[in-house]
Amino acid sequence: MLTKFLVALIVSSAVTAPAAPAPQIVKVTVDENGYTPSEIKVAPGSSVELQLTRTTEDTCATEIVVPSMKINKMLPLNKTVSIVLKDLKRGEIKFGCHMDLMLAGVIKVQ
């Protein structure tokens with residue numbers, strides 16, 4: 001009987017880790033004018049999901065590069081591509097085209 005009580009006590013006092021909050025979703029359009037929005041603000045420790053859609057062929061931004069996070073992903077025309085950046089640290093995270101020629105964007109973690 002004491003064993004059943006101890007098992008019940010251990011099971012009832014088990015702590016589960018809280019679920020991580022869902023990432024902030026930001027829809028980004030990539031066109032002949034660059035990335036819109038080009039500046040994204042998030043809180044430290046948060047996560048952000050960039051949902052990028054390239055809407056023109058008149059740009060070098062056929063892929064997105066986030067150098068500090070070692071991300072390089074193709075951006076097919078008129079298709080949405082998602083990139084999730086987790087547990088962001090205070091500072092700036094720059095992103096842009098693979099040629100570093102186009103007007104780029106920045107995520108400001110503050």
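Read-outs throughout are calculated quantities, based only on the coordinates presented, and are distinct from any laboratory measurement. No experiment lies behind these values; they were computed from the predicted model shown. Note: ideal-geometry Cβ built from the backbone for every residue, glycine included; neighbour counts use all protein chains shown.
Key figures
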| quantity | calculated |
| --- | --- |
| Inter-label distance, nm, simple model (7 Å from Cα along the C-beta direction), Glu49/Lys79 | 1.8 nm |
| Sparsely packed trypsin sites (Lys or Arg not before Pro) within the range 45-93, loop by DSSP, other Cβ within 10 Å at most 13 | Lys70, Lys79, Lys86, Lys89, Arg90 |
| Cβ-based exposure ranking for Val66, Val28, Val84, in which fewest neighbours within 10 Å come first | Val84, Val66, Val28 |
| Shape box of the range 21-109 [Cα atoms, principal axes, largest first, Å] | 36, 22, 20 |
| Amide hydrogen neighbours beyond the local backbone of Arg54, cut-off 5 Å, H modeled | Val30, Asn78, Lys79 |
| Point-to-point label distance, Arg90-Met69, nm (Cα→Cβ direction, 7 Å offset) | 2.0 nm |
